[in-house]
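Reading through the structure tokens given below for one structure.
Taken together, the values in this text are just the output of simple stated rules run on the coordinates, not laboratory data. Remember, it's a predicted structure, so these values are computed and weren't measured experimentally. Note: ideal-geometry Cβ built from the backbone for every residue, glycine included; neighbour counts use all protein chains shown.
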Amino acid sequence: MNINKHYSIKKLTFMAMLLAIALIIFIIEAQIPVPIPVPGAKLGLANAITLFSLFIFHNSRFPSLSNLDVFLILICRIILGAFFTGRLITFAFSLCGGLLAFFAMVLMKQLVNKKQIWVCGAIGAVFHNIGQICAAIVITGTPAIAVYLPVLIIIGIFTGVITGLVAQLVLSRIKPI
């Protein structure tokens, strides 16, 4: 495959813009203290950009993004987010959680419509938490960390619905513009 045919300047610019927005959200969110004393709990608002990117093909005004394109945006956000926030130790947790969430959301994308993106967000958040806990267990060698998983899943469902609704709202508002 010729890379020039697959990635036009318009598409690369659009992907870079989405990456920049996701990074800004990620960096701002990293500065907000979480009121819940559970390690790994946060809103995960940058995931709204991943969801938006997965479902943007419904809008012909923007370049269509493949799952691979969205995957590249996600990986770049995880790598750059770890460097920009100075939290390199969280890289493994973000990577494991992000990958598991991405694949779960890609599968869910086949089952939901434009008005159910929030479901995809909730599933992605749950799988992100599972990935984080798995990474924590492997890195620390402490299986007892899994005790946090039920609480993280409950929080993840709530925050995932929020990020899904944000992506759904943005997608619905972009069409009329």
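Just a few scattered comments:
- Helical contribution to [θ] at 222 nm, DSSP H n ≥ 4, -39,500 (n - 2.57), averaged over the chain, rounded to 500: -23500 deg cm²/dmol
- Proximal lysine pairs, the chain, alpha carbons under 25 Å, eight or more residues apart or interchain: 11
- From the alpha carbon centroid of the stretch 120-153 to that of the stretch 66-97 is 17 Å.
- Kyte-Doolittle mean at least -0.5 and Cα axial length at least 18 Å: DSSP H helices in the chain: 9-30, 67-85, 91-109, 117-140, 149-174
- When each of Phe102, Phe83 is scored by the number of other beta-carbon atoms lying within 10 Å, the sequence from fewest to most is Phe83, Phe102.
- For Cα Rg over 2.2 N^0.38 Å, the value computed from the atomic coordinates appears in the list (i) 1.03; (ii) 0.98; (iii) 1.11 under label (i).
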